[in-house]
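*Asks:* Input: one structure, supplied below.
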Amino acid sequence: MKRSITTFLLLFAICISNAQMRKWTLQECVEYAVENNLTIEQFELDLENAIIDKSDALGNLLPNLNGSTSISSNTGFSINPTNNLPTNQTALNVNMGLSSNVTLFDGLRNLHQINRAKINAIANQYRLDDLKDDIRLSVANAYLQVLSSKEQLKTFRAQYAVTEQELNRTKELVESGVLPRGDLLEIEATAATQQQQIVNGEGMVLISRVNLAQLLQITDYENFDIAEEEFLIPPSDILDNSAKVIFDKALSFRNDIKFSESNVDLAEEDLKIAKGAYYPTLSAFFQYGTRYSDVTQIPGANGPYTPNFTDQLWIFDGISYGAQLNVPVFNGWSTKNNVKRSQISLERAKLQLEQTKLDLETNIQQAYVDVNTFEKAYEAAEKTLEARRLAYEYAKERYDVGLMNAFDFSQAQARVDNAQADVIRTKYDYIFRLKILEFYFGLPISLN
């Protein structure tokens with residue numbers, strides 16, 4: 001029994017450890033952010049409201065049906081409901097009825113309300129999808145920042161490992177009298193600087209992980225981490241397309257464009273609804289009613305008598321029906337002003353659509369330039385790193401034979417460190433700009 005309990009606890013601890021050490025991929029981060037983002041959840045509620053509004057608009061085409069009943073008791077002077085004569089006796093009265101109304105014509109506003117509700121639901125869906133696109137880009141950028149920080153930290157540690165070996169070697173040479181003590185102090189200063197870089201690098205990794213976790217609405221920062229993968233520059237032929245081609249394609253599927261177009265359609269429907277108030281409104285009605293009173297007297301074979309409750313409901317029931325026409329003549333220019341407001345809103349929506357297209361074109365042009373710029377910057381950084389490494393190897397050979405002092409040697413090493421940092425920075429800057437441009441072209445976010 002004790003062995004079974006021990007085995008169970010061990011397996012349970014292993015499961016918890018594995019859960020805590022989960023490494024998130026980019027795809028998992030993006031999907032989790034889209035599913036758990038608070039703003040997205042709010043927009044989803046707005047979409048549900050828009051769907052309900054569409055149901056309301058459809059319901060307005062249907063006739064309504066309402067029932068009513070009232071019970072009253074009169075003591076003292078009152079009017080007898082049977083003969084409409086004054087009476088001074090206590091009476092119990094019950095009235096019941098059904099009524100129905102339906103709008104037959106209202107300037108087609110009810111139909112335009114349905115169209116508006118449908119368009120509004122579509123617009124809210126576009127707005128929701130546009131927000132998801134923005135979150136995907138934000139998550140991808142934050143994910144790449146974590147990768148960049150981690151790769152930078154690995155570089156710092158590798159550099160320190162080399163410096164540590166050089167430090168031990170210099171100590172031996174100083175102790176044997178081959179090198180002056182100043183060289184040892186210079187190497188120790190370089191090692192201390194690199195240790196500080198490692199500490200700063202660890203802080204940058206933590207900060208970038210926290211930023212990503214916050215985008216995912218994850219609060220357990222300590223146990224959150226991304227997958228340990230080395231990402232190379234992904235192959236892409238996006239630059240085979242011109243910025244104009246990318247822009248034309250983006251116009252056909254971008255959710256921000258679709259959202260702005262839907263707002264124009266909404267404004268057009270609002271204008272039609274406002275103009276519909278100029279027309280007459282025709283409605284039909286139907287009513288059924290009956291009543292009961294304990295003071296009711298009707299003639300009978302043996303004289304007047306009071307029918308029972310059920311009989312009175314059948315005796316005194318009746319129906320009424322008809323149609324009603326309301327013609328607008330003058331309403332203080334409110335309809336005219338509402339039409340003008342709707343026209344202004346329509347023009348504003350059209351201008352916003354053009355502004356959205358202009359912003360998209362500007363962003364694509366900037367992204368296109370950025371891809372070219374950062375690609376060249378990355379290539380230049382790699383060439384610089386290669387040259388700095390060759391210079392460092394040459395400096396190391398001279399330092400080993402005593403033809404270079406420790407200060408100049410440390411400067412050569414620092415230039416290599418800076419070149420490596422530039423390569424990492426330009427690499428991930430280029431990858432992110434590349435993904436932005438591909439995203440505008442309709443390609444999903446992926447680092448493969």
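The values are calculated or read from the model by the stated rules, or taken from the named source; none is laboratory data. If you're wondering where the values come from, they're calculated on a predicted model, not measured in any experiment. Cβ atoms come from the backbone with ideal geometry, glycine included; neighbour counts cover every protein chain shown. Remember, those area values only see protein heavy atoms, side chains included, never the ligands or the DNA or RNA. Shrake-Rupley method; radii C 1.70, N 1.55, O 1.52, S 1.80 Å.
*Asks:* Show the residue pairs meeting these rules: Cβ distance below 8 Å; 6+ apart or different chains; first residue within the range 234-251 and under 12 Å from GLY442 (Cα atoms) and of a type in the set (S, T, N, Q); second residue at pLDDT below 90 and open to solvent by 20 Å² or more (accessible area, probe 1.4 Å).
*Replies:* Pairs found: none.
*Asks:* When you scan the range 290-331, how many residues do you find that are open to solvent by 40 Å² or more (accessible area, probe 1.4 Å) and among the small types (Gly, Ala, Ser)?
*Replies:* 3
*Asks:* Residues in the range 241-255: is at least one open to solvent by 80 Å² or more (accessible area, probe 1.4 Å) and closer than 30 Å to LEU434 by Cα?
*Replies:* Within the range 241-255, one or more residues are open to solvent by 80 Å² or more (accessible area, probe 1.4 Å) and closer than 30 Å to LEU434 by Cα.
*Asks:* While we're on this one: Pick from ILE119, ILE52: which is within 30 Å of ILE273 (Cβ to Cβ), open to solvent by less than 40 Å² (accessible area, probe 1.4 Å) and part of a helix (DSSP H, G or I)?
*Replies:* The conditions single out ILE119.
*Asks:* Shifting gears a bit: Just the residues that are in a loop (DSSP other than H, G, I, E, B), farther than 14 Å from PHE409 by Cα and in contact (Cβ under 8 Å) with a residue 24 or more places away in the chain, please, taken from the range 161-181.
*Replies:* VAL178 - this is the single residue of the range 161-181 that is in a loop (DSSP other than H, G, I, E, B), farther than 14 Å from PHE409 by Cα and in contact (Cβ under 8 Å) with a residue 24 or more places away in the chain.
*Asks:* Hey, can you tell me all the residues within the range 333-365 that are hydroxyl-bearing (Ser, Thr, Tyr) and surrounded by 13 or more Cβ atoms within 10 Å (Cβ to Cβ)?
*Replies:* Result: THR335, SER342, SER345, THR356.
*Asks:* Among the residues of the range 191-249, how many are outside any helix (DSSP H, G or I) and under 17 Å from TRP24 (Cβ atoms)?
*Replies:* 16
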